[in-house]
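Peer 1: Quick one: structure below, then a few questions.
The values are calculated or read from the model by the stated rules, or taken from the named source; none is laboratory data. Computed from a predicted model, the values in this text were never measured in an experiment. Positions of Cβ are generated from backbone atoms using ideal geometry, with glycine treated the same way; all protein chains shown enter the neighbour counts. Note: areas computed on protein heavy atoms with side chains; ligands, DNA, RNA excluded. Shrake-Rupley method; radii C 1.70, N 1.55, O 1.52, S 1.80 Å.
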Amino acid sequence: MSVCLETVRFNASQVASLAGRVGVSIWGVTKGLCGEPSLARAMVDGGCEAIGDSRVRNLAHMKAAGVDAPMYLIRIPMLSEIPWMLEVADGCLVSSLETLEVIEGHCAAQRRVFQVVLMFDLGDLREGFMPQMAEDVGRFCSSLSWVRVIGVGTNLGCFGGVLATRVNQLELLDVASVVRRESGFDVPLVSGGGTLALPLLETGQMPQGVNNLRVGEGIILGTDSTNGRDVPYLRQDGVELAAQVVELRRKPSVPRGELGRDAFGQVPSFVDRGERLRAILALGRQDTRPEGLTPLNDGVLILGASSDHMICDVEDASHVSLGGTLRFRPNYGAMLQGATSPYVRKEFLDGAGGLEAP
């Protein structure tokens with residue numbers, strides 16, 4: 001898997017410039033590529049003001065590599081990892097009073113200040129206090145001595161597919177106002193979501209006062225999965241995946257024999273297209289999400305995959321050979337799975353470069 005850092009820098013600069021015109025800061029989210037330090041640096045070079053990642057391990061890796069930017073844990077912390085988180089992060093997202101209590105206790109013992117962003121659920125049903133809890137949450141935070149509430153935020157799209165709208169952004173501003181009043185903190189940050197909120201910036205519908213977005217997919221891939229689009233002012237050539245052909249042979253397009261389920265418990269279906277040239281690639285579901293791959297070689301059709309092999313119809317493709325490679329562009333899910341697979345070799349290229357097979 002090859003990542004073009006030039007594209008990441010370009011996309012980060014485009015997003016940061018668009019957001020900066022209306023006073024919105026951008027946190028670059030590195031979790032899709034496992035907290036790669038060179039990725040974080042490219043995001044910062046492009047204008048991201050901080051880095052967010054969902055794993056403490058990734059934050060520790062970036063800090064050890066000398067990434068010079070504020071770093072935040074953007075997955076709600078496990079209680080067991082809070083001591084480690086305090087060593088490597090500048091702040092985190094929080095959605096329970098119990099977690100705030102534990103962080104406060106550790107910070108008091110260390111006599112250190114730690115920043116938190118309070119997350120509120122505005123309909124997507126992932127993490128967050130419910131909006132009607134804002135008053136009680138603010139009052140609780142007024143008793144904190146070492147934890148500093150620097151913001152409120154929300155997550156949209158990732159679980160329920162709820163879009164970012166002017167209505168839910170205004171609701172977040174109302175929540176921020178209540179938290180400020182009850183907690184006594186300034187709460188300067190109002191974080192309205194991620195890549196899916198970019199249309200609000202593009203169309204001028206983002207309410208004044210929402211001043212932060214946490215963007216990963218848009219910067220890395222130039223896509224917006226929740227809104228189902230390639231972002232027109234961003235580049236989509238940031239990540240490519242290449243796989244080697246390990247078998248190339250003409251075969252029927254429909255299996256022969258009594259059919260059951262495949263290795264993953266699914267009932268496969270086939271279209272009879274006659275005998276076709278098929279390539280088997282050294283890439284499977286253990287490596288990536290085949291449904292999220294788009295072939296970059298003309299005439300290649302992905303037929304399916306098992307754990308370790310992907311089968312492609314290459315009857316209409318040219319220059320396919322045993323030992324050669326086929327190239328694909330991953331969507332967010334396919335990239336994420338490829339990045340976390342130890343069997344996929346990752347290259348972070350600062351400029352144009354060739355692809356390597358996994």
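Peer 1: Considering only residues that are buried (at least 24 other Cβ atoms within 10 Å of the Cβ) and of a type in the set (A, V, I, L, M), which ones fall in the range 148-159?
Peer 2: VAL149, VAL152, LEU156
Peer 1: While we're on this one: What is the number of the single condition among (1) in contact (Cβ under 8 Å) with a residue 24 or more places away in the chain; (2) in a loop (DSSP other than H, G, I, E, B); (3) under 30 Å from VAL344 (Cβ atoms); (4) open to solvent by 10 Å² or more (accessible area, probe 1.4 Å) that ARG249 does not meet?
Peer 2: All conditions pass for ARG249, except number (2).
Peer 1: Looking at the range 284-339 only, could you name the residues that are under 22 Å from the mean Cα position of the chain (by Cα) and open to solvent by less than 20 Å² (accessible area, probe 1.4 Å)?
Peer 2: Those that are under 22 Å from the mean Cα position of the chain (by Cα) and open to solvent by less than 20 Å² (accessible area, probe 1.4 Å): GLY284, ASP287, THR288, PRO290, GLY292, LEU293, PHE328, PRO330, ALA334, MET335, GLY338, ALA339.
Peer 1: Would you confirm, using the coordinates I've provided, whether ARG276 is in contact with a strand residue (DSSP E or B) (Cβ under 6 Å, 6 or more places away or on another chain) and of a type in the set (Lys, Arg)?
Peer 2: Details: in contact with a strand residue (DSSP E or B) (Cβ under 6 Å, 6 or more places away or on another chain): yes; of a type in the set (Lys, Arg): yes.
Considered against the rule, which asks whether it is in contact with a strand residue (DSSP E or B) (Cβ under 6 Å, 6 or more places away or on another chain) and of a type in the set (Lys, Arg), ARG276 comes out as yes.
Peer 1: Only residues in the range 290-318 that are on the phi > 0 side of the Ramachandran plot count as the first member; pair them with residues that are open to solvent by 80 Å² or more (accessible area, probe 1.4 Å) and part of a loop (DSSP other than H, G, I, E, B), Cβ under 6 angstrom, at least 6 apart or cross-chain, and list the lot.
Peer 2: Cβ pairs passing all conditions: GLY299/ASP316.
Peer 1: Just give me the residues in the range 99-142 being of a type in the set (Lys, Arg) and either more than 22 Å from MET71 (Cβ to Cβ) or open to solvent by 70 Å² or more (accessible area, probe 1.4 Å) (or both), in sequence order.
Peer 2: As a first pass, look at the range 99-142 and keep what is of a type in the set (Lys, Arg): 111-112, 126, 139.
Across the range 99-142, the qualifying residues are ARG111, ARG126, ARG139.
Peer 1: Let me ask something additional. Somewhere in the range 252-269, is a residue open to solvent by less than 30 Å² (accessible area, probe 1.4 Å) and closer than 27 Å to ASP316 by Cα? Please lay out each step first, then the result.
Peer 2: Of the range 252-269, the ones open to solvent by less than 30 Å² (accessible area, probe 1.4 Å) are 253.
From what's left, closer than 27 Å to ASP316 by Cα: 253.
So far as the range 252-269 goes, yes, one or more of its residues are open to solvent by less than 30 Å² (accessible area, probe 1.4 Å) and closer than 27 Å to ASP316 by Cα.
Peer 1: Would you confirm whether or not the range 119-129 contains a residue that is in contact with a Lys or Arg (Cβ under 9 Å, 6 or more places away or on another chain) and closer than 24 Å to ALA339 by Cβ?
Peer 2: Checked against the condition, which is being in contact with a Lys or Arg (Cβ under 9 Å, 6 or more places away or on another chain) and closer than 24 Å to ALA339 by Cβ, the range 119-129 yields at least one hit.
Peer 1: Follow-up question, since we're still on this one. Given the options LEU201, LEU277, name the one that is surrounded by fewer than 21 Cβ atoms within 10 Å (Cβ to Cβ), of a type in the set (A, V, I, L, M) and within 22 Å of the chain's Cα centre (by Cα).
Peer 2: Working: LEU277 fails: within 22 Å of the chain's Cα centre (by Cα).
Exactly one of LEU201, LEU277 is surrounded by fewer than 21 Cβ atoms within 10 Å (Cβ to Cβ), of a type in the set (A, V, I, L, M) and within 22 Å of the chain's Cα centre (by Cα), namely LEU201.
Peer 1: For a quick check of your reading: which strands (runs of 3 or more DSSP E) sit entirely within the range 81-157 and have at least 1 residues that are modelled with pLDDT of 95 or more, of a type in the set (Lys, Arg) and under 24 Å from ILE51 (Cβ atoms)? It would help to see each step written out before you state the result.
Peer 2: On the way: elements: 91-94, 114-119, 147-153.
The strands (runs of 3 or more DSSP E) meeting that bar are 147-153.
Peer 1: Considering only the range 1-38, state which residues are in contact with a strand residue (DSSP E or B) (Cβ under 9 Å, 6 or more places away or on another chain) and of a type in the set (Ser, Thr, Tyr).
Peer 2: SER2, THR7, SER25, THR30, SER38
Peer 1: Moving on. State all residues of the range 212-237 that are open to solvent by 40 Å² or more (accessible area, probe 1.4 Å) and in contact with a strand residue (DSSP E or B) (Cβ under 9 Å, 6 or more places away or on another chain); if no residue qualifies, say none.
Peer 2: Filtering the range 212-237 for residues open to solvent by 40 Å² or more (accessible area, probe 1.4 Å) gives 225-230, 232-233, 235-237.
Matches in the range 212-237: ARG229, ASP230, ARG235, GLN236, ASP237.
Peer 1: Which one of LEU163, LEU200 is in contact (Cβ under 8 Å) with a residue 24 or more places away in the chain and assigned to a helix (DSSP H, G or I)?
Peer 2: Values: LEU163 fails: assigned to a helix (DSSP H, G or I).
Going through LEU163, LEU200 in turn, just one is in contact (Cβ under 8 Å) with a residue 24 or more places away in the chain and assigned to a helix (DSSP H, G or I): LEU200.
Peer 1: Does the range 55-64 contain any residue that is polar (S, T, N, Q) and either outside any helix (DSSP H, G or I) or under 22 Å from GLY192 (Cα atoms) (or both)? Can you show your working first?
Peer 2: Within the range 55-64, the first condition is being polar (S, T, N, Q), and the residues that meet it are 58.
Checking which are either outside any helix (DSSP H, G or I) or under 22 Å from GLY192 (Cα atoms) (or both) leaves us with none.
Taking every residue of the range 55-64 in turn, none turns out to be polar (S, T, N, Q) and either outside any helix (DSSP H, G or I) or under 22 Å from GLY192 (Cα atoms) (or both).
Peer 1: Let me ask another. The conditions are (1) in contact with a His (Cβ under 9 Å, 6 or more places away or on another chain); (2) open to solvent by 20 Å² or more (accessible area, probe 1.4 Å), and ALA64 fails exactly one of them. Which is it?
Peer 2: For ALA64, the exception is condition (1).
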